[in-house]
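Each value in this text was obtained by applying a stated rule to the coordinates, not by laboratory testing. For clarity, every value in this text was computed on a predicted model and none was experimentally measured. Counting neighbours? That spans all protein chains shown, and the Cβs are built from the backbone with ideal geometry, glycine included.
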Amino acid sequence: MGVAKARAYAQELQQTVFKDIVAQELVRRAEAQPLPGTVNPGLRAGVDARTLSVLSRVYVGSINFELTEDHMRQVFGEFGSVCSVSMARDTNTGRHKGFGFVEFLVPEAAALAMEIMDGTVLGGRALKLGRPNNYAAAIAQNFPRPPANRIYVANVNRAVTESVLQEIFSPFGKVTACVLAPDESAGHKGWGFVEFEGAEAAEQAAQAMNGLELAALVLRVRACVVGGPLGPGMAVDAEPAQSDHTGPAVQSDHSVAQPDHSVAVQSDHSALTTEPDHSGSTVVILSNVVGGRSDVDDDLASDMAGEGTKCGVVCKVVVHIATETELAELGEVCVFVEYAEHEAALRAIELFDGRWFGGRRVAASLFGVDRFRKLTSSDTMVFIP
């Protein structure tokens with residue numbers, strides 16, 4: 001059966017090729033401008049930009065007042081590239097009023113967000129999603145209707161190539177096209193389109209694969225909203241590599257490519273055992289925060305998270321009690337703050353390094369992501385905002 005075969009293959013990838021990549025998952029969706037290889041069908045078909053904008057936008061209400069635009073980008077980014085987040089603000093206090101709009105690059109991402117996020121509890125409040133007032137007029141416009149044999153796939157790990165994604169969906173029927181939106185820094189944006197030979201295969205794939213976990217991310221799959229031609233996707237980036245032998249090697253069906261910051265997949269995963277260069281890390285280590293383990297209280301992690309959010313989106317804060325072998329390097333207690341992006345980690349170093357906290361002068365520096373995962377895998381003093 002196609003579903004069983006697809007899920008079995010995805011599970012095999014989870015346990016082999018993506019075993020270590022799972023630990024390095026990029027939390028935040030990249031937001032670069034569309035490249036020449038864009039796979040936005042509506043844009044390529046010449047659909048009016050205002051119509052596409054309305055179709056790609058959702059209203060979000062009942063937002064926790066502590067959440068920021070960065071939080072919203074991170075949460076809604078799993079449905080596709082977020083173009084903008086606009087939140088209504090009180091002119092006197094500067095705080096947002098608890099509602100706003102999220103606009104995506106493609107209408108399909110907005111449709112997914114409507115289906116999944118309406119009623120979802122975020123920060124203790126159930127979100128209320130809706131469409132802009134002019135949505136009905138926009139959807140009635142004369143734009144290309146989507147082919148029934150095409151589906152939209154989002155929340156795809158950057159390590160998953162077009163060929164791997166095609167093979168995962170192939171049990172449902174012959175795949176005639178599989179393209180992922182290209183991104184200059186990350187290879188692809190984490191979303192794209194899959195076309196089958198027949199409409200029935202597309203419908204079955206959308207129903208069966210929506211919600212499947214692949215490389216630590218839950219795939220989001222649905223039917224398309226707007227029709228139009230598909231672009232070449234990542235093939236645009238592959239062309240120079242074929243003519244220039246100094247570039248990345250041509251990928252095989254099961255290979256993994258992450259340009260610039262990628263790690264080549266090896267059978268023994270030895271490339272992931274060390275991380276001497278922390279220049280792109282999103283993890284900050286804070287030392288000398290407390291005198292020792294006896295000074296650690298239940299609020300330490302949340303307190304540091306509260307300070308850390310001044311620099312950007314905090315994914316996790318871990319209070320780590322060092323083992324005997326770690327004492328010389330880490331001290332008895334250290335605090336790790338993991339951010340969604342490298343720039344936020346750099347801002348955190350500027351904020352924390354040399355700062356006095358509870359009568360102690362804190363030291364802050366970047367820390368390798370891989371080593372952070374290993375050191376804190378069994379830690380219990382973890383705070384996730």
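If you sort the three axes of the alpha carbon gyration tensor as a ≥ b ≥ c, you get a/c under 1.5 for segment 283-383, which makes it rounded.
Across segment 69-81, computed HN-Hα scalar couplings (Karplus, 6.51 cos²θ - 1.76 cosθ + 1.60, θ = phi - 60°) run 4, 5, 4, 5, 4, 5, 5, 7, x, 6, 9, x, 5 Hz from first to last residue, x flagging Gly and Pro.
Fewest neighbouring Cβ atoms within 10 Å first, the residues D183, D353 line up as D353, D183.
Centre-to-centre, using Cα atoms only, segment 176-209 and segment 88-109 are separated by 29 Å. Among 116-129, 75-88, the peptide with the highest mean count of other Cβ atoms within 10 Å heads the list, and the full ranking is 75-88, 116-129. Listed from fewest to most Cβ neighbours within 10 Å, the set V296, V317 follows the order V296, V317. Annotation: amide H-H contacts under 5 Å for K128 (H modelled 1.01 Å from N, sequence separation of 5 or more, or interchain): G61, S62, G119. Database remark: amide H of N40 closer than 5 angstrom to the amide H of G231 (H placed geometrically; neighbours at sequence offset of 5 or more, or on other chains; Pro and chain starts carry no H). Computed from point charges on the beta carbon alone (+1 for Lys and Arg, -1 for Asp and Glu), the dipole magnitude for segment 86-152 about its Cα centre is near 140 Debye.
Amide H contacts of H188 (H built 1.01 Å from N, in plane; Pro and chain starts excluded): D183 sit under 5 Å, all sequence-distant by 5 or more or on other chains.
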